[in-house]
1. If amide H atoms are built 1.01 Å from N in the plane of the peptide, which residues on other chains or at least 5 residues away come under 5 Å of the amide H of Lys726?
2. What list of ³J(HN,Hα) couplings, whole Hz, do you get for region 679-687 from phi and the Karplus terms 6.51, -1.76, 1.60, once you set θ to phi - 60° and write x for glycine and proline?
3. Would you please classify the overall shape of region 32-167 from the alpha carbon gyration tensor, given that a ≥ b ≥ c denote the square roots of the eigenvalues, rounded means a/c under 1.5, and beyond that prolate means a/b larger than b/c while oblate covers the rest?
4. What is the local net charge at Thr271, summed over the other residues whose Cβ is closer than 14 Å to its Cβ (Lys, Arg +1; Asp, Glu -1)?
5. What distance in nm separates the two pseudo spin-label positions at Tyr678 and Thr128, each 7 Å out from Cα along the beta-carbon direction?
6. Only loop residues by DSSP count here, and only those with at most 15 other Cβ atoms within 10 Å; note down the chymotrypsin sites (Phe, Trp or Tyr not before Pro) in region 650-712 that meet that.
7. If you keep only loop residues by DSSP, which GluC sites (Glu not before Pro) in region 356-456 have at most 11 other Cβ atoms within 10 Å of their Cβ?
8. Going from most exposed to least, what order do Asp226, Asp705, Asp71 have by accessible area with a 1.4 Å probe?
Amino acid sequence: MASVHESLYFNPMLTNGVVHANVFGVRDWVTPHKMALLVLLSELGRAGSQLGLLERRRLNRLLLPLLQGPDMALSRLRKAIEECCPHLAGSVHIRLKLMAEGELKDMEQFFDDLSDSFSGTEPEVHKTSVVGLFLRHMILAYNKLSFSQVYKLYTALQQYFQKDEKKDGADENEMELTNPEELDGKMEKEELDGPLREEEIACSGPLSQKQAEYFLSQQASLLKNDETKALAPASLQKELNNLLKFNPDFAEAHYLSYLNSLRVQDVFSSTHSLLHYFDRLILTGAESKSNGDEGYGRSLRYAALNLAALHCRFGHYQQAELALQEAIRIAQESNDHVCLQHCLSWLYILEQKIFDSCVLLEHSVNKSLHFGLPYLASLGIQSLVQQRAFAGKAANKLMDALKDSDLLHWKHSLSELIDISIAQKTAIWRLYGRSTMALQQAQTLLSMNSLEAVNVGVQQNNTESFAVVLCHLAELHAEQGYFAAASEILKHLKERFPPNSQHAQLWMLFDQKIQFERAMNDGRYHVADSLVAGITALNSTEGVYRKAIVLKAQNQMSEAHKLLQKLLIHCQKIKNTEMVIRVLLSIAELYWRSSCHTIALPVLLQALALAREYSLQYLASETVLNLAFSQLILGIPEQALNILHMAIEPILAHGAVLDKGCAMFLVAKCQVASAASYTPQKKIEALESAVLNLNEAKTYFAKVDCKEQLRDVLYFQARLFHTLGKTQERNKCAMLFRQLHQELPAHGVPLINTFK
């Protein structure tokens, strides 16, 4: 189940995805790119009613990112304008050409004419509009230039235009030497690759304050909402280093560098950037200006809190505890209740690593509600529910608690916590073995629209919650034999959460587990064994368990038993009850295979007691099936049939296809064993009923391509048809059995002496 505390990081830079960069020493200045934008605005005003409504709408949507974004090459700007209005792009090019190939007075006259846009009773541009403010800033910046600076600007404009002309000339020469068909393909490729080329986005020089703010806000928003569209970690770090080279005291750039380092799990760089952020924040006085004398202390205590969160994220619990104690001390001295509540939440997380205690968490929830902190209160409720689920509390009580937290979410429009709550419900239903309910919750989250406003084309909700839900959805499809659908979901996960993203480990683990199960079902144990290393790297407990399963399948009983015993002690120590039960079931199966059936019974009873104590209904049903198999082996099939009726309903309703097949196969075995004491007529009816159950089991096994189980079912069916005197059906089953038996290796284990 995913952690619900990832959102507890104090993020002073992000407010609804907007970066507040208050400290930057570079003002706006006139550049050739901005002059090209001024020409575009001038031509747009001249065009007036000649432009169609659709063209004007496209240009208006294009203007804002052009005004806020970094400078770009003239060819790229022309291409963007041509997509909206081709004839306007030609007018802009001609106007720039006349200015660049003319004299200096032409540029002077152009800036003098810009002021006319604000004149008249109905001016073309309002002074307070986005375009109006840009024009006024550029006119003011130009008027402040000295003569030498004006000349340098004119020279830069000429170089800017000539560079574009040279590029066009080179393209024309290439067109003459290139086959038209190859050229069409190349142009299509360039059009497709154009928007994604990072060198075009890269900042070639120092940015103005607004450009820096826009760049940081855009990247921070993409990191939060759609990491795949943000710059790659290396490219983003290069741009941030470029910003910091011109202004090392730009605090927000250090914080974005910290977030970028977290993407690649770089401990050293993330710690370095985080400390630099708070150092610069204090040195520049940004906090003290907005918060008075409290600003310095506020930065210090939140610096310590973020450092504690960082160490906790990377598993450095002792360092995290020291940093948290420092944050608590400073917060208490300053009487900062908000910071103290954040500290209390992290203190619970740290103590949870040592012992389970709900006292701190309950206190945190109450205090958060008292101080009007719904975000922290909801996170506390989510954590309490998670802990109660692992403690085996009833599902209805947990869902009532989550319903109360949902009221907080909807009341305060906490979109991220709504997603976490639904993902939590999905995981809880999976834990309790209710796959139908889990599927319903997963579909609910996937069909929801985010409450947060994001840019067009940006994927919404690229969060851990969605990664968790999609992983559960893939596993649910794989369990039902829909491997193609599961592969499509995993493919979508890989595109949505690339391998270098922070939530990629979730789908990596599920992908390895699904491949492992398919290999085991298909009898390819060497392939399953090769996947164990990958699973262990992502989850050591799961990896050791899978290794034991492979050893058991390969009849290496003593090695598997030693591994399972060590894993059992470890899981009991860390209180992983679900894994403890699974290990006990595997140990019981080892005893069956070793013909120690009586020794398996106490182990199964222990597993059943744990499953019922912790309300793990599906595992309890699976344990009952194992008990029924033990009773069958011990010669009391009637009793086995009686308890089978108690357990088979949850298996058929919520179980995996493989488990359904095993359950129906076991029912058929018990029916055949019980029929020995029946009258001839009743015995025939029992055997025919067993054949029908075997047909159902065969359908289930075929769905997941479980060839070993199919072979056993066919063998059993052939024997039953022989007893019933159905020669044709017997021969058909015998032929299919022989084909599978030649394809699969025989391990020398009696066919009746296995449950799964």
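1. HN-HN under 5 Å from Lys726: empty list.
2. In residue order, the calculated couplings are 5, x, 5, 5, 5, 4, 5, 5, 5 Hz.
3. Verdict is oblate for region 32-167.
4. Residues close to Thr271 contribute a combined charge of -1.
5. Roughly 8.9 nm, to one decimal.
6. In loop regions of region 650-712 (DSSP not H, G, I, E or B), the sparsely surrounded chymotrypsin sites (Phe, Trp or Tyr not before Pro) are Tyr678.
7. Within region 356-456, no GluC sites (Glu not before Pro) qualify (loop, at most 11 other Cβ atoms within 10 Å).
8. Asp705, Asp71, Asp226
The values are calculated or read from the model by the stated rules, or taken from the named source; none is laboratory data. Because the structure is a prediction, the values reported are computed rather than measured. Here Cβ is always computed from backbone atoms with ideal geometry, including for glycine, and neighbour counts include all displayed protein chains. The accessibility values were calculated without ligands, DNA or RNA, using every heavy atom of the protein model including side chains. Shrake-Rupley method; radii C 1.70, N 1.55, O 1.52, S 1.80 Å.
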